[in-house]
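Asks: Submitted below is the structure of interest, expressed as structure tokens.
Where a number appears in this text, it was derived from the coordinates with a stated rule and is not lab data. Keep in mind the model is a prediction, meaning the values are calculated, not measured. Cβ placement follows ideal geometry from the backbone for every residue including glycine, while neighbour counts extend to all protein chains displayed.
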Amino acid sequence: MANSPTLSGPSGAKPRPFITPQRFVVYSVLIVCAVFFLFPLYIMIITSLKNIQEIQGGNIFVPTMSPTLDAWEKAWNSACTGLYCEGIKVGLWNSIKITVPSTIVSIAVASVTGYSLANWPFKFSEVFFAVLLLANFIPYIVMLYPLVIITSKMGIYSTLPAVILVHTIFGLPVQTLLFRNYFASLPQELFKAARVDGAGYWGIFFQIFVPMATPIFTVSIILQVTGIWNDFLFGVIFAGPTNYPMTVQLNNIVNSATGGKAYNVDMAATILTGLVPLTIYFVSGKYFVRGIAAGAVKG
Amino acid sequence: MATSVSVQNLTLKFGSAEVLKNLNLDVEEGEFIVLLGPSGCGKSTLLNCLAGLLELSEGQIHIKGKNVTWAEPSERGIGMVFQSYALYPQMTVRGNMSFGLKIAGMPKDQIEQRVQRASEILQIGPLLDRKPGALSGGQRQRVAIGRALVREVDVFLFDEPLSNLDAKLRSELRVELKRLHNRLKNTMIYVTHDQIEALTLADRIAIMRGGIIQQLDEPHTIYNRPANLFVAGFIGSPAMNFIKGATTNGGRIFQSGEINLDLSQYEGGAVMDRSKAIIGLRPEHITIVDAAIPGQTIPAVVEIDEPMGADSLVWLLVDGRQMSVRVPFEHRPKAGTPVHLKVDIAKSSLFDETNELRI
């Protein structure tokens, strides 16, 4: 028919070339970045699998012909950290003893503080919040010496409670900010409805707000666990030699000079130390991004 | 009838700004009061004060004869419904409705009884085990009303409960709310900016502006005898026509340029001679006639017409200014025709321009 639309010519999805110049640029940059960040990891892994002769004689980039887990075993069980030669496993347990309570205490305090700041404004609460944020920008090196004195006056210097206290204090500004912003982004009417229903300060917090705050708790836990796990300075200053976390033990292994440098053991110990934060990022990356976005909605 | 809610000399300040100014309001038991006004007039703020969610700066609030000025929201005998529904997302409908009762420590079987009764009234029985996320907007608002209902309180507070719904659902729920009020006979205080909701639901409407109640009256009175120029302009859609002029001959004539209207039929106070007066004419109180009648008509030229189904809204030019008239669709005049507008003076409103009050 003359006036009906014809079906010849283009129809359906528009064909696209497999690779366009824009795509080429994007992929090149991504590949270069990936190689840049993965290459050190590659070297660490292959080095940790070599024996010491192979390291001293061979090329650092070439994979080993006869891989062995000896270095890993040594790093875990018998590497020397100064006076003791019990490997990095002591540090793992210490790190857990520091990280778990520090994370729980700091998040517990920060979530309640953030909730108060967002929903129960008190006189000068805005000023209080501003001061808290400002404290974020003061280099914490400045506060180390006073904190040493404070904790020793309290009689807890060089103990587990001291390092937990310090981690909690330094975690508070960022954590409080996260929780305050998240709770402020929840509808105000929800809070009002709960008050009309007769729920009080703790009732609203535990029964209404905490169940709604899973994303922000996830982010907080990830930030705190990785941050505290990776910490070196507070551990070495406040924990005391018997409680040194893994990072400090690792440093001691790498720096104890007994004969030649055992690069394979150092590398294995390093990977073992980094394994916890690495696993957390792999497992929770999705939730992490989601939670960060959720907390960032409202300022 | 006994007074249910009484607000006395209520003032609320945020910093130096007075949001509510020395406000007084008495609500009878079982009355449906609508607080109506433009955004920022303080109507929601007043409701929040009644609920105890905002602390007032001065004055008192009594509910059922009890001074609740300092009482917690849950101690006031009120239930509240919010615009955004404000349902607890992690709880089921049943959980939402029973939350307040659980906190109050009510025995389980009694809670269940109340939830059943409320869900029957609102016809949400099949939804009881669902989460709010799985409900439509209309269902959510019903649950929110149910949450207020189970508390079996004296006073219901509604904060723009229908504003988040689409037009069709809104008119359905509006009728349902009226039915609910007829059945329960509770005192209801309802905030809205929608004048249709106000006119259809209210026993009395309180029109608010700038933290002050401008007029508190039955809908019919508000519509036909607005107390001042603001109320006259705010209520009615399309809006009232205003003509500025003066009253002469001892208040018997309204005069504005070529226009002379006989005021002997005016139903209001003593008109007297006023150099600055405004006459307000609702579009449905004007008829289009062919010939001039001295003292009763205004000459005009038809500009455009807006057909609205049964009626047509005709826009005309009078002395270079626009006026609107509602006419039956079949009788709408052609654009450009010179016509005469016959005014029903008995239904008109006269205002003194200096104080903007109705004469």
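Asks: Write down the percent of antiparallel bridges among all DSSP beta bridges whose residues are both part of the protein assembly as shown, to the nearest 5.
Replies: Numbers: 64 of 82 bridges.
DSSP beta bridges in the protein assembly as shown are roughly 80 percent antiparallel.
Asks: Which aspartates and glutamates does B:LYS168 reach when only Cα atoms under 17 Å apart count, and residues fewer than 8 places away in its own chain are ignored?
Replies: B:GLU160, B:GLU176, B:ASP194, B:GLU197
Asks: From the Cα gyration tensor of region A:116-184, with a ≥ b ≥ c the square roots of its eigenvalues, which class applies: rounded if a/c is under 1.5, or else prolate if a/b is larger than b/c, or else oblate? If you can, show how the numbers build up before the last one.
Replies: Details: a/c = 2.42, a/b = 2.12, b/c = 1.14.
Judged from the Cα gyration tensor, region A:116-184 comes out prolate (a/c at least 1.5, a/b above b/c).
Asks: Which whole-angstrom value gives the distance between the alpha carbon centres of region B:249-322 and region B:31-108?
Replies: 46 Å
Asks: Hey, which aspartates and glutamates would be in cross-link range of A:LYS153, C-alpha to C-alpha under 18 Å, not counting anything within fewer than 8 residues on its own chain?
Replies: Straight-line reach from A:LYS153, under 18 Å: no aspartates and glutamates qualify.
Asks: Turning to a different aspect of this structure: Before anything else, pin down the relative contact order of chain B: Cα pairs under 8 Å, at least 6 apart, normalised by residue count, whole percent.
Replies: 15 percent
Asks: While we're looking at this one, here's another question. Answer rounded, prolate or oblate for chain B, using the Cα gyration tensor with square roots of eigenvalues a ≥ b ≥ c: rounded when a/c is under 1.5, else prolate when a/b is larger than b/c, else oblate. If you can, show how the numbers build up before the last one.
Replies: On the way: a/c = 3.10, a/b = 1.88, b/c = 1.65.
Verdict is prolate for chain B.
Asks: For region B:304-316, in order, what is each residue's ³J(HN,Hα) by Karplus, 6.51 cos²θ - 1.76 cosθ + 1.60 with θ = phi - 60°, in whole Hz (x at glycine and Pro)?
Replies: Whole-Hz 3J(HN,Hα) from phi for region B:304-316: 9, 10, 10, x, 10, x, 5, 10, 9, 9, 9, 9, 10.
Asks: Ratio to report: Rg/Rh of region A:89-295, with Cα atoms as the point set and Rh obtained by the Kirkwood method; give two decimals. Show your work: numbers first, answer last.
Replies: Values: Rg = 19.7 Å, Rh = 18.8 Å.
Using Cα coordinates only, the ratio equals 1.05.
Asks: Which of the trypsin sites (Lys or Arg not before Pro) across region B:27-114 are loop residues per DSSP, with 15 or fewer other Cβ within 10 Å? Walk me through the numbers on the way to the answer.
Replies: Details: sites: B:LYS43, B:LYS64, B:LYS66, B:ARG76, B:ARG94, B:LYS102, B:LYS108, B:ARG114; in loops: B:LYS64, B:ARG76.
Answer by residue number: there is no such site.
Asks: Further question on the same structure: Quick one: Karplus J couplings for region B:177-184, per residue in order, coefficients 6.51, -1.76, 1.60, θ = phi - 60°, nearest Hz, x for Gly and Pro?
Replies: So the J values, rounded to whole Hz, are 5, 5, 4, 4, 5, 4, 7, 7.
Asks: If you don't mind, there's one more thing I want to ask. By how many degrees, between 0 and 90 and to the nearest 10, does the Cα long axis of helix B:137-149 differ from the longest principal axis of chain B?
Replies: With rounding to tens, the tilt is 70 degrees.
Asks: Taking 45 Å as R0, compute the FRET efficiency from the Cβ-Cβ separation of A:ILE169 and A:ALA34 and round it to 0.05.
Replies: On the way: r = 38 Å, r/R0 = 0.83.
Once the sixth-power term is evaluated, E becomes 0.75.
Asks: Of chain A, which part is the longest with no trypsin sites (Lys or Arg not before Pro) in a loop (DSSP not H, G, I, E, B) and with at most 16 other C-beta atoms within 10 angstrom?
Replies: On the way: sites that count: A:LYS123, A:LYS261, A:LYS298.
Longest stretch, sites excluded: A:124-260.
Asks: Within chain A, which whole H helices from DSSP have a Cα span along their axis of at least 27 Å and a mean Kyte-Doolittle hydropathy of 1.6 or more, if any?
Replies: Numbers: long enough: A:21-48 (40 Å, 1.85); A:89-119 (45 Å, 0.85); A:160-185 (36 Å, 1.18); A:263-295 (43 Å, 0.94).
For chain A, where a helix must reach 27 Å along its axis and average at least 1.6, the hits are A:21-48.
Asks: Among the GluC sites (Glu not before Pro) within region B:6-89, which fall in a DSSP loop and have no more than 12 other Cβ atoms within 10 Å of their own Cβ?
Replies: Working: sites: B:GLU18, B:GLU28, B:GLU29, B:GLU31, B:GLU55, B:GLU58, B:GLU75; in loops: B:GLU29, B:GLU31, B:GLU55.
For GluC sites (Glu not before Pro) across region B:6-89 that sit outside H, G, I, E and B with at most 12 neighbouring Cβ atoms in 10 Å, the list reads B:GLU55.
Asks: Quick one: 3J(HN,Hα) in Hz for region B:279-289, Karplus 6.51/-1.76/1.60 with θ = phi - 60°, rounded, Gly and Pro as x.
Replies: Ordered by residue, 3J(HN,Hα) equals 9, x, 10, 6, x, 8, 9, 10, 10, 8, 10 Hz.
Asks: Next question, about the same structure. I'd like to know which of B:GLY15, A:VAL174, B:GLY105 lies farthest towards the positive end of the charge dipole of the protein assembly as shown, counting +1 on Cβ of Lys and Arg and -1 on Cβ of Asp and Glu.
Replies: The one lying farthest along the dipole's positive direction is A:VAL174.
Asks: Could you state the orientation-averaged shadow area of the convex hull built on the Cα atoms of the protein assembly as shown, in nm² to one decimal?
Replies: Details: hull surface 201.6 nm².
One quarter of the hull surface, i.e. the mean projection, equals 50.4 nm².
Asks: Same structure, new question: Report the one residue of B:GLY280, B:GLY210, B:VAL68 whose Cα lies farthest in the direction of the positive end of the charge dipole of chain B (charges on C-beta: Lys and Arg +1, Asp and Glu -1; origin at the Cα centre).
Replies: Going by the charge dipole, the pick is B:VAL68.
Asks: In the P(r) worked out for region A:1-107, what percent of Cα pairs fall beyond 18 Å? Before the final figure, lay out each step's value.
Replies: On the way: 4250 of 5671 pairs.
Counting every Cα pair in region A:1-107, those more than 18 Å apart make up 75 percent.
Asks: Here's a follow-up. Apply the a/c threshold of 1.5 to the C-alpha gyration tensor of region B:221-329 and tell me whether it is rounded, prolate or oblate.
Replies: Oblate, since a/c reaches 1.5 and b/c is not below a/b.
Asks: Using a Gaussian network model of chain A whose springs link C-alpha atoms within less than 10 Å, name the residue from A:PRO101, A:PRO277, A:PRO15 with the highest mean-square fluctuation.
Replies: A:PRO15
Asks: Can you list the residues, at least 5 places off or on another chain, whose amide H is less than 5 Å from the amide H of B:GLU303, using H built in the peptide plane?
Replies: Those qualifying (amide H under 5 Å, at least 5 residues apart or on another chain) are B:TRP315, B:LEU316, B:LEU317, B:GLY336.
Asks: Listed here are the pairs A:LYS97/B:LYS102; B:LYS66/B:LYS102; A:LYS97/A:LYS261; which of them are more than 32 Å apart at the Cα? All intermediate terms of the calculation are to be shown ahead of the outcome.
Replies: On the way: A:LYS97/B:LYS102 39 Å; B:LYS66/B:LYS102 25 Å; A:LYS97/A:LYS261 30 Å.
A:LYS97/B:LYS102, as the Cα separations exceed 32 Å there.
Asks: On to the next question. Using a Cα distance threshold of under 21 Å, what count of lysine pairs results for region B:241-352 when pairs must be 8 or more residues apart or interchain? Show your work: numbers first, answer last.
Replies: Numbers: B:LYS244/B:LYS276; B:LYS244/B:LYS342; B:LYS244/B:LYS347; B:LYS276/B:LYS347; B:LYS334/B:LYS342.
Count of close lysine pairs: 5.
Asks: Taking amide H atoms as placed 1.01 Å from N in the peptide plane, list the residues 5 or more away in sequence, or in a different chain, whose amide H sits under 5 Å from that of B:GLN214.
Replies: Long-range HN contacts for B:GLN214: B:ILE207, B:MET208, B:ARG209.
Asks: Take the residue pairs B:LYS131/B:LYS185; B:LYS13/B:LYS43; B:LYS64/B:LYS178; A:LYS123/B:LYS13 and return only those whose Cα atoms are more than 20 Å apart. Walk me through the numbers before you get to the answer.
Replies: Numbers: B:LYS131/B:LYS185 30 Å; B:LYS13/B:LYS43 14 Å; B:LYS64/B:LYS178 22 Å; A:LYS123/B:LYS13 16 Å.
Beyond 20 Å: B:LYS131/B:LYS185; B:LYS64/B:LYS178.
Asks: Report, by chain and number, residues whose modeled amide H sits under 5 Å from the one on B:LEU20, excluding near sequence neighbours (fewer than 5 apart, same chain).
Replies: For B:LEU20, the qualifying residues are B:LEU12.
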